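Heads up: the structure comes next, in structure tokens.
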Amino acid sequence: MPELPEVETIKRGLSKFIINKKLTQTDILCEKSFIGTPVMGVVKSIRRYGKALIIDLSDDVSLMIHLRMTGQLIYDGTTKRYAAGHPSENFVATLPNKQTRVILKFDDGGVLYFNDQRKFGFIKALPTQEVENDTFIKKLAPEPWNMGPNDFYERLMRHKNSCIKATILDQSVVCGLGNIYADEALFMSHIHPERKCGEITAKEAKILLESARAVMDRSIDSGGSTMATYVKADGTRGDYLEKFAQVFRREGKPCPNCGTKIIKIRVAGRGTHICPCCQKKEGSK
Ligand SMILES: [Zn+2]
């Protein structure tokens, strides 16, 4: 699964290629992969809600794209190919091929292929004004950049008896934190992932929110995570983990703060990486 920073990277990359191009034809090779009636129009903007990409066209119609596990967007321009999503030989293969589900054709000869080996992803056509009311998007909480510290703290306090890691992974509490970013944000905040939300102070919540923004900003700047097997828009891999991860997948290595060995535990059913010295269950007080 891509995490939010990977989808943001795809959004920024794809924008360079299809903004102001006119979508003139849609070929649906797999019925399951396209919901609604094909639409046409000039690409006005590309937006992102959580991990959903929205391509807004003229005439107030939009395409919502969910890549899910194995979705790929591969744009074949007249001079250059741009590939993003689950990396595979499709990035350099002759297209369409047997994993191609939808083909979007533009008036300048450019073609955007939606490939999806496992068919969990899809493209949905809908009126632009209905995008924000779509059931998937409606249930998403604001992202860390669009949420104030008091709002975040109040949201945590609604889950007083839940552990903090499970709560920040809940997309209806805060949108965008996956497993990697939750571990990194909790480490940066010196908060043990098993602490109950009810024990988190307003000050800690503020630090955690700021840390969540910081870890995802840094990931977007470096092009998304390598571990998630997502690649950048131009087909090269992001180097997030090597450049930046402090605890994630670093068990046995020294904590960058204190030198204690990082350990891997299980929290809320997820592999979780912590420094047992910097992140104490009883808090830092
Ligand atoms: Zn430490």
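The values are calculated or read from the model by the stated rules, or taken from the named source; none is laboratory data. All figures in this text were calculated on a predicted structure; none of them were measured in a lab. Every residue, glycine among them, receives a Cβ derived from its backbone with ideal geometry; neighbour counts consider all protein chains shown.
A compact table of results
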quantity: Any hit, segment 7-14, residues being in the same structural domain as ALA83 (by TED's automatic domain parsing) and touching a Ser or Thr at 6+ places or on another chain (Cβ under 8 Å); calculated: no
quantity: CYS175 within 16 Å of the ligand (Cβ to nearest atom), in the same structural domain as GLY148 (by TED's automatic domain parsing) and at pLDDT 90 or above; calculated: no
quantity: Given (1) of a type in the set (A, V, I, L, M, F, W, C); (2) without any contact (Cβ under 8 Å) to a residue 60 or more places away in the chain; (3) closer than 26 Å to GLY178 by Cβ, index of the condition PHE114 fails; calculated: (2)
quantity: Residues of segment 240-269 that turn out to be more than 16 Å from the ligand (Cβ to nearest atom), at pLDDT 95 or above and either surrounded by 14 or more Cβ atoms within 10 Å (Cβ to Cβ) or part of a loop (DSSP other than H, G, I, E, B) (or both), as a count; calculated: 1
quantity: Selection count, segment 44-85, where residues are polar (S, T, N, Q), over 15 Å from PHE17 (Cβ atoms) and either touching a residue at least 60 places away in the same chain (Cβ under 8 Å) or surrounded by 18 or more Cβ atoms within 10 Å (Cβ to Cβ) (or both); calculated: 2
quantity: Selection status of CYS163, away from the ligand (no atom under 16 Å from the Cβ) and at pLDDT below 95; calculated: no
quantity: Subset of segment 157-214 [over 20 Å from ALA141 (Cα atoms), assigned to a helix (DSSP H, G or I) and either of a type in the set (Ser, Thr, Tyr) or free of Cβ contacts under 8 Å to residues at least 40 places away in the same chain (or both)]; calculated: LYS203
quantity: Unique match (being in a strand (DSSP E or B) and modelled with pLDDT of 85 or more) among LEU95, LEU104, LEU140; calculated: LEU104
quantity: Answer from VAL131, VAL111, VAL102 - the residue that is in contact with a Phe, Trp or Tyr (Cβ under 9 Å, 6 or more places away or on another chain), more than 12 Å from ILE74 (Cα to Cα) and surrounded by 14 or more Cβ atoms within 10 Å (Cβ to Cβ); calculated: VAL131
quantity: Scan of segment 270-285 for residues that are within 14 Å of the ligand (Cβ to nearest atom) and of a type in the set (Gly, Ala, Ser), ordered by number; calculated: SER284
quantity: Qualifying residue in segment 87-106 (condition: of a type in the set (D, E, K, R), within 27 Å of VAL173 (Cα to Cα) and touching a strand residue (DSSP E or B) at 6+ places or on another chain (Cβ under 8 Å)); calculated: no
